[in-house]
Amino acid sequence: TKRIAIANKESIICGWNLINDRLKKYKTKFIPIDSEHFSIFELIKNDNIKNIKRIYITASGGPFLNIKKSKLSKFIPKNAIKHPTWKMGKKISIDSSTLINKIYELIEAKKIFNLDYNKFKIIVEPTSYVHGIVEFNNGICKILTHPTSMKIPIYNSLLFNQKISKISENFEFNKMNNLNFQKIESNKFPVFKILKKLSNTDSLYETVLVTANDALVDLFLKKKIKFYDIYKILNQILNLKEYKKYKILKPKNLHQITKLSENVRLKTLTLSVQSRV
């Protein structure tokens, strides 16, 4: 019954219904600490979920935001892992460069806050200083900002309402003067087409998405596939008849998720080899 704070996206995306069942069973307080979800959590915690008109999930746009699409096919891993605003590991940096990280965050938000996908919109905010925006039916729009440091969501979730010390991060006014909200270019970042394939219910299809992408990013980091092959092969996997059936199947246990994941990983590697022949 201890308070649970989760930063990991994949566990929530693939097994939220299993996690949520236990949260309810043991009456456990849950706090998301991925920066976007913690911000949304903070913005809506005193409001009725029915009063929400729209939630905006912000994306930095990654290292390729201002680079022409025609040049991206030639980019190699060392270009893709240079995130402009966050210091992160290689895997999540690649996910940020393709923007599939935002697809993950949208799925995660949909599950955590129990809202349909049409309540969310992803927008680009290049400074990464705005982490969450919530628009309410009464005309009020709340925005949460903080420096690009995970110290803040972690600090506030660990201590929650029992804050006993001050955090060293300071508010940067100059960042607020340089906000430049933009729409996502779906032609440049084609992973956004995946949104149309997703179901509004918890399903094993999310495990297919996460596993295939995980395998493809690993292949890209090893220079065995090209940058746009990540989306190309991922789309192939998601369109396979043998996996589409999982859209209507809810995860029953962890074993079911891991077994499917092993199958998808093998299929992804097989298709990747075929694409190089």
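Annotations for the structure displayed:
- Where region 95-212 is the region considered: accessible area per residue in Å², 1.4 Å probe: 46 Å²
- Dipole check for region 120-277: with +1 at the C-beta of Lys and Arg, -1 at the C-beta of Asp and Glu, and the Cα centre as origin, the magnitude is about 600 Debye.
- Of all accessible heavy-atom area on the chain, the percent that carbon and sulfur account for (1.4 Å): 52 percent
- Within region 10-53, backbone nitrogen closer than 20 Å to the virtual label 7 Å beyond the Cα of Met150 toward Cβ: 10-16, 30-42
- Equivalent ellipsoid, region 58-151 (semi-axes from 5 times Cα gyration tensor eigenvalues, Å): 27, 15, 13
- Enclosing the Cα atoms of region 176-224 in their convex hull gives a volume equal to 160 cubic angstrom per residue.
- Cα-derived Rg to Rh of region 121-277, Kirkwood definition: 1.06
- Given charges at beta-carbon only (K, R positive; D, E negative), |dipole| of the chain in Debye: 620 debye
- Using the rule -39500 (n - 2.57) for each DSSP H run of four or more residues, divided by the residues of the chain, the 222 nm mean residue ellipticity is -13500 deg cm²/dmol.
- Signed unit charges on C-beta, dipole axis of the chain, positive-most listed residue Ile152, Thr211, Gly89: Thr211
- Across the alpha-carbon atoms of region 79-131, the computed radius of gyration and Dmax are 12.3, 36 angstrom.
- Extension gain, Ile67 to Asn114: 0.36 nm times the residue separation minus the Cα-Cα distance gives 13.4 nm.
- Extension reserve of the Lys232-Lys121 stretch, reckoned as 0.36 nm per residue once the Cα distance is removed: 37.6 nm
- Residues with amide H under 5 Å from that of Lys53, placed H, sequence gap 5 or more: Glu135, Phe136, Asn137
- Region 168-200 and region 234-277 have Cα centres lying 28 Å from one another.
- Taken over the alpha carbons of region 1-50 as equal point scatterers, the Debye sum produces base-10 log I(q)/I(0) values at 0.13, 0.19, 0.28, 0.30 Å⁻¹ of -0.33, -0.70, -1.18, -1.18.
- Counting only Cα atoms, the chain measures 58, 46, 35 Å along its principal axes, largest extent leading.
- Of Met176, Ile248, Leu234, farthest towards positive along the dipole that unit charges on Lys, Arg, Asp, Glu beta carbons give region 174-276: Leu234
- 3J(HN,Hα) along region 251-266: x, 9, 7, 5, 4, 4, 5, 5, 5, 5, 4, 4, 5, 5, 4, 5 Hz, from the Karplus curve 6.51 cos²θ - 1.76 cosθ + 1.60 with θ = phi - 60°, whole Hz, x for Gly and Pro.
The values are calculated or read from the model by the stated rules, or taken from the named source; none is laboratory data. Quick caveat: nothing in here was measured; it's all calculated off a predicted structure. Every residue, glycine as well, gets a Cβ built from its backbone with ideal geometry; the counts of neighbours run over all protein chains shown. What goes into the accessible areas is simple: the full protein's heavy atoms, side chains included, and nothing from ligands, DNA or RNA. Shrake-Rupley method; radii C 1.70, N 1.55, O 1.52, S 1.80 Å.
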